[in-house]
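The values are calculated or read from the model by the stated rules, or taken from the named source; none is laboratory data. Quantities reported herein were computed from a predicted structural model and do not represent experimental measurements. A quick note on method: Cβ atoms are made from the backbone with ideal geometry, for glycine too, and the neighbour counts reach across all protein chains shown. Remember, those area values only see protein heavy atoms, side chains included, never the ligands or the DNA or RNA. Shrake-Rupley method; radii C 1.70, N 1.55, O 1.52, S 1.80 Å.
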Amino acid sequence: ITVISGKGTISKLKSGAIIAENLSGDFNLKKNTLYVRNIEGDAFSGKVRGSVSYGVMNEKIGVDMVGTNMNALNAIEGAAGIKNALTGKLSWVAKVNLKGLTEEAMMRTLTGKVNFNIDNGTFGNIGRLETLLGADNVVGNSIMKAALSGVTALPAVKNTADFTYIAGELTFANGWANLQPIKT
């Protein structure tokens with residue numbers, strides 16, 4: 001039996017540094033579960049869409065969402081707190097389940113996966129070959145420094161920040177996030 005149903009809008013939804021705006025969707029409360037379907041909105045200069053369910057009695061949350069054409073620099077900082085990680089256009093697909101009312105409880109019970117792709121960007125603080133070659137453990141080792149001196153002097157090394165795409169998958173279980181190999 002459906003108790004409540006309708007359409008709703010939210011002008012701004014904030015969770016930590018993640019902000020979504022202009023959200024709309026269809027909702028209904030059925031058998032102690034609140035379903036919000038056909039969600040559409042804006043986040044990090046891109047779009048989000050999908051569905052969410054929330055068990056009123058058991059605090060179980062199901063998320064099936066897609067993000068497209070987002071500003072990767074802002075999205076990574078908002079979601080992971082990493083500043084100046086990289087630029088580009090971020091798209092992702094999340095199918096996760098969690099339980100709880102606090103962030104700690106939710107993270108501890110998080111299961112599922114997120115696939116992501118970032119197109120046409122540049123590495124910021126991470127991923128550049130010159131950053132790797134300039135690491136303290138490399139330049140501090142005289143043998144490594146001598147062996148790499150020819151490579152580090154090449155002008156091509158300075159252009160390693162650009163990429164066409166980065167693709168990867170995060171899986172979650174038992175309070176742990178596992179990052180599968182990233183392809184670039």
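Quick notes
- Net charge of Cβ neighbours under 14 Å - reference Val93; Lys, Arg +1; Asp, Glu -1: +2
- In Hz, Karplus ³J(HN,Hα) per residue of the range 109-124 (6.51, -1.76, 1.60; θ = phi - 60°; x = Gly, Pro): 9, 5, 9, x, 8, 10, 9, 9, 8, 10, 10, 6, x, 9, 6, x
- Share of carbon and sulfur in the accessible heavy-atom surface of the range 45-85 [1.4 Å probe, %]: 52 percent
- With only the Cα atoms considered, the range 1-43 has a convex hull volume of 65 Å³ per residue.
- Solvent-accessible heavy-atom area per residue, rounded to whole Å², over the range 58-110 at 1.4 Å: 55 Å²
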